[in-house]
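Novice: Before I ask anything, let me first share the structure, which is written out below as structure tokens.
Readers should treat all values here as calculations from the given coordinates under stated rules, not as data from a laboratory. No experiment lies behind these values; they were computed from the predicted model shown. Every residue, glycine among them, receives a Cβ derived from its backbone with ideal geometry; neighbour counts consider all protein chains shown.
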Amino acid sequence: MSTSPEFIAPGNWPGFRIAPRGERSDPPRAIETLAGVCDRIRAAAFAEIQARDAFLWAADHYEDAPDVVRKCWRDLAAIEDKHLHWLLNRLSELAHSVDERQVSDQLWVSLKSCKTADEFAHYMAGAEERGRRAGERFFESLRDKDPVTAEIFGKIAEEEIEHIELARSHFPDSPHAHFSAIFNRNKVS
């Protein structure tokens, strides 16, 4: 796997059906159905592609980011790309596709609105924490019904911890720490 995934111009994420601005993504169907499982895989895959591209964009965009943070963001983009491919492969194995339902690019829009590297890092950490918790819930919900998909969600949730820690370790006294504070409250020692 390359450590530098290909950056695709946002808004041009092939295959995904992106909701028009101001509209929400299609709601997920019941998790007890194959379609509902695939809705969650699709939504997670779209979150991963947005995070991947946001990390790459931030590494080039924020002049106030220390070099070590820029390198971390590029490395994390490669991990997000790995997660994306796990999810896309599973969706394909289940004979579903990314274009079946509308997804929202609000994560991308929100991340690009951050004014500083610090704000971006903490906002991203908050988003990663929400994704990590969802992954843990999906792991629990699916482990008996669909252990393959459950394992993917569980592994991604586990790997997201490193992404969340980045903001805390590099910007510990941030005025933007409220974005990632939820992780600090829920962290298991």
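Novice: Counting Lys and Arg as +1 and Asp and Glu as -1, what is the net charge of the other residues whose Cβ lies under 14 Å from the Cβ of Asp99?
Specialist: 0
Novice: For segment 41-142, which GluC sites (Glu not before Pro) are in a loop by DSSP, counting at most 16 other Cβ atoms within 10 Å?
Specialist: Listed in order of number, the matching sites are Glu63.
Novice: Within 10 Å of each candidate Cβ there may be at most 10 other Cβ atoms; applying that plus a DSSP loop requirement, which trypsin sites (Lys or Arg not before Pro) in segment 89-131 survive?
Specialist: Of the trypsin sites (Lys or Arg not before Pro), the ones in loops of segment 89-131 whose Cβ has at most 10 other Cβ atoms within 10 Å are Lys115.
Novice: Right, something else. Taking other Cβ within 10 Å of each residue's Cβ, how do Trp73, Trp108 sort, fewest first?
Specialist: Trp108, Trp73
Novice: Using only alpha-carbon positions, what ratio does the radius of gyration of segment 29-181 give when scaled by 2.2 N^0.38 Å?
Specialist: Ratio of Cα Rg to 2.2 N^0.38 Å: 1.05.
Novice: If you don't mind, there's one more thing I want to ask. In whole Å, what is the distance between the alpha-carbon centres of segment 91-137 and segment 51-72?
Specialist: 17 Å
Novice: If the cut-off is a Cα-Cα distance under 30 Å, which lysines reach Lys155, setting aside same-chain residues fewer than 8 apart in sequence?
Specialist: Within the straight-line limit of under 30 Å, Lys155 reaches these lysines: Lys71, Lys82, Lys112, Lys145, Lys187.
Novice: Net charge within 12 Å of Lys115 by Cβ-Cβ distance, Lys/Arg positive one each and Asp/Glu negative one each, not counting Lys115 itself?
Specialist: -3
Novice: Now for a separate question. What is the set of long-range amide H partners of Asp105 at a cut-off below 5 Å, with H atoms built 1.01 Å from backbone N?
Specialist: The answer is Ala19.
Novice: Step through the residues of segment 20-32 one at a time and calculate ³J(HN,Hα) from phi using the Karplus curve (6.51 cos²θ - 1.76 cosθ + 1.60, θ = phi - 60°), rounding each to whole Hz and writing x for Gly and Pro.
Specialist: Each residue's phi maps through the Karplus curve to give x, 3, x, 9, 8, 5, 5, x, x, 7, 4, 5, 6 Hz.
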